[in-house]
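**Q** Shown below is the structure under consideration.
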Amino acid sequence: MASAAAISSSISSRSLLYRDSKAALIASIRHPEPSIATSAASGGPRPRRMLARPCCAVEPTKRNDSVVPSAAVAEAANAAVGEEATAPSAAVDYEELNKALENASPLEIMDRALDMFGNEIAIAFSGAEDVVLIEYAKLTGRPFRVFSLDTGRLNPETYRFFDAVEKHYDIHIEYMFPDAGEVQALVRSKGLFSFYEDGHQECCRVRKVRPLRRMLKGLRAWVTGQRKDQSPGTRANIPLVQVDPVFEGVDGLGSLIKWNPVADVEGKDIWNFLRTMNVPVNSLHSQGYVSIGCEPCTRPVLPGQHEREGRWWWEDATAKECGLHKGNLKQDEAGKLGTNGNGVAVANGVDGTVDIFETQAIVKLGRLGIENLLKLEKRQEPWLVVLYAPWCRFCQGMETSYMELAEKLVGSGIKVGKFRADGDQKPFAQKELQLGSFPTILFFPKNTYRPIKYPSEKRDVDSLMAFINALR
């Protein structure tokens with residue numbers, strides 16, 4: 001059994017009792033080792049100065065010690081950050097710390113983050129499965145803060161979920177709101193749903209990014225629920241801890257530390273944890289929603305679809321970031337996006353990316369070929385054409401089924417083609433070919449001028465065949 005000194009140096013005794021009674025059910029949760037939450041000297045615990053006054057997700061003007069359990073009072077900055085209440089980022093190599101935390105559990109990482117930054121770190125809570133972060137924070141036994149961005153466009157279920165979380169954890173979430181004047185100007189000039197026409201970036205910038213920027217300027221660190229499996233196109237390489245590449249902290253750009261404790265955890269394991277710990281969850285999850293944002297920009301996903309396909313479904317799949325985590329978009333990746341969801345202008349789509357849908361049963365159409373097909377009022381045979389980008393994960397995901405369909409249609413009188421519609425071809429495809437997001441599938445009937453867009457996101461062979469049979 002660990003010594004009393006080691007126990008007191010990592011997690012409070014109250015936290016350990018709470019954790020032992022529940023977290024023993026989950027093999028993935030481990031008590032922090034001294035290397036993660038630095039222990040006291042072997043001679044026994046020593047007095048430590050507080051990094052900041054204890055708080056527990058209470059609004060700044062209303063925060064008081066009475067809301068913090070007495071056994072969960074934060075310990076002082078440990079040997080990793082020194083005895084003085086100074087900015088922890090000044091003396092820590094976060095690339096090395098990220099490597100040191102590679103085998104740590106989310107609980108250990110959360111404990112380290114709260115221990116290092118005290119009252120100057122806050123958990124970003126979106127109203128979805130990232131409630132797991134609040135559960136981990138409570139399990140550490142340390143005081144913590146939680147904030148959320150109320151865009152004014154959230155689902156009613158999300159607002160009720162906020163209330164349930166506050167009551168369950170006995171906390172007060174620090175809500176951040178967009179500037180009323182900016183929202184008014186946007187809506188009066190462009191309407192309530194302009195993002196369907198010109199992308200979500202502008203609306204997200206007003207309703208989410210700028211309020212977040214105001215919040216973070218008062219912090220030295222923040223905690224997010226990003227996971228690598230959430231978005232292969234933008235989150236595959238997120239670290240456990242990093243210097244935030246986009247937002248400023250209290251000491252300016254380069255001073256804010258970003259923690260991602262569940263970066264290496266899969267979604268199914270998050271949900272197993274939430275169920276085991278009996279944590280409240282957003283009721284939208286039971287209606288097919290996985291990734292949850294604003295009501296107009298979020299919808300349920302179908303079985304087999306990636307969770308991010310429920311967000312901004314009319315835009316490029318690989319750039320589905322609202323701006324809160326824009327640092328995930330690397331320059332070399334942005335160069336493949338045509339024009340991505342974050343407004344990054346890019347070069348020609350012919351970039352050396354390995355092509356897909358490579359089979360003799362599929363005709364590769366160039367710009368002239370697709371234009372001729374579009375102009376024909378009477379075609380000799382109908383065509384099925386996919387508008388794609390070879391770097392798109394969802395195009396790659398339907399490659400097998402589309403090639404199988406093409407093989408089945410050989411000799412049927414229906415031609416199957418593909419047209420690469422990213423890069424320089426994207427504006428043309430958007431204007432003339434109804435391109436919304438990749439992939440877009442069009443059926444060119446034999447005797448009809450305008451092509452018909454496949455409306456479903458079910459891209460299996462049977463669904464595509466049913467679409468063809470209904471039109472030919």
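**Q** 5 Å is the cut-off here: which amide hydrogens, built 1.01 Å from N in the peptide plane, fall below it relative to VAL416, excluding neighbours closer than 5 in sequence?
**A** Placed amide hydrogens put VAL363, LEU384 under 5 Å from VAL416.
**Q** Note down the nm distance, to one decimal, between modelled labels 7 Å out along Cα→Cβ at LYS446 and at ARG472.
**A** 1.0 nm
**Q** Also, quick follow-up: If DNA, RNA and ligands are ignored and the probe is 1.4 Å, what is the ranking of TYR454, TYR175, TYR449 by accessible area, most exposed first?
**A** Working: TYR454 25, TYR175 70, TYR449 130 Å².
Heavy-atom accessible area, descending, gives TYR449, TYR175, TYR454.
**Q** Next up: Residue by residue through the stretch 384-399, what is 3J(HN,Hα) from phi via Karplus (6.51 cos²θ - 1.76 cosθ + 1.60, θ = phi - 60°)? Round to whole Hz and write x for glycine and proline.
**A** Ordered by residue, 3J(HN,Hα) equals 10, 10, 9, 8, 9, 9, x, 7, 6, 4, 7, 5, 4, x, 9, 4 Hz.
**Q** Kindly provide log₁₀ I(q)/I(0) values, in the same order as q = 0.12, 0.14, 0.20 Å⁻¹, from the Debye equation applied to equal alpha-carbon scatterers of the stretch 164-245.
**A** Each listed q maps to, in turn, -0.56, -0.75, -1.12.
**Q** SER456 versus TRP271, label points 7 Å from Cα toward the beta carbon: distance in nm?
**A** 2.2 nm
**Q** For the stretch 119-214, what D do you get in µm² per second when you plug the Kirkwood radius from alpha-carbon pairs into Stokes-Einstein at 4 °C and 1.567 mPa s?
**A** So the translational diffusion coefficient is about 88 µm²/s.
**Q** What nm value, rounded to one decimal, do you get for the distance between GLN380 and ARG188 when each label is placed 7 Å out toward the C-beta?
**A** 6.0 nm
**Q** Here's a follow-up. Full-extension gain between PHE428 and ASP355, please, as 0.36 nm times their residue separation minus the C-alpha to C-alpha distance.
**A** Working: separation 73, 0.36 × 73 = 26.28 nm, distance 2.02 nm.
The span from PHE428 to ASP355 would gain 24.3 nm if fully extended.
**Q** Classify the stretch 430-472 as rounded, prolate or oblate, taking a ≥ b ≥ c as the square roots of the eigenvalues of its Cα gyration tensor: rounded when a/c is under 1.5, otherwise prolate if a/b is larger than b/c and oblate if not. Spell out each step's value before the answer.
**A** Values: a/c = 3.26, a/b = 1.09, b/c = 2.99.
Oblate is the answer for the stretch 430-472, as a/c is 1.5 or above yet b/c matches or exceeds a/b.
**Q** Tell me the accessible surface of TRP271 in square angstrom (1.4 angstrom probe, heavy atoms of protein chains only), to the nearest ten.
**A** Ignoring ligands and nucleic acids, TRP271 comes out at about 60 Å².
**Q** Would you tally the net charge around GLY254, using a Cβ to Cβ cut-off of less than 11 Å, leaving GLY254 out, and scoring K and R as +1, D and E as -1?
**A** That works out to -3.
**Q** Would you please put 137-144, 427-434 in order of how densely packed they are, using the mean number of other Cβ atoms within 10 angstrom per residue and starting with the highest? Don't skip to the end; give the middle numbers.
**A** Values: 137-144: 24.9, 427-434: 15.1.
In decreasing order of mean packing, 137-144, 427-434 become 137-144, 427-434.
**Q** If the limit is 18 Å between Cα atoms, which of LYS228/LYS426; LYS418/LYS453; LYS99/LYS268; LYS138/LYS268 go over it?
**A** Details: LYS228/LYS426 28 Å; LYS418/LYS453 14 Å; LYS99/LYS268 25 Å; LYS138/LYS268 21 Å.
In this structure, LYS228/LYS426; LYS99/LYS268; LYS138/LYS268 lie more than 18 Å apart at Cα.
**Q** Classify the stretch 382-443: rounded, prolate or oblate, from the alpha-carbon gyration tensor (a ≥ b ≥ c, eigenvalue square roots; a/c under 1.5 rounded; otherwise prolate if a/b is larger than b/c)? Write down the numbers at each step before the final one.
**A** Values: a/c = 2.81, a/b = 1.48, b/c = 1.90.
It comes out oblate by the Cα gyration axes.
The values are calculated or read from the model by the stated rules, or taken from the named source; none is laboratory data. Only a predicted model underlies this, so the values are computations on that prediction, with no experimental measurement involved. Note that we place each Cβ from the backbone using ideal geometry, even for glycine, and neighbour counts take in every protein chain shown. Quick note on the areas: whole protein, heavy atoms, side chains included, nothing else; ligands and nucleic acids left out. Shrake-Rupley method; radii C 1.70, N 1.55, O 1.52, S 1.80 Å.
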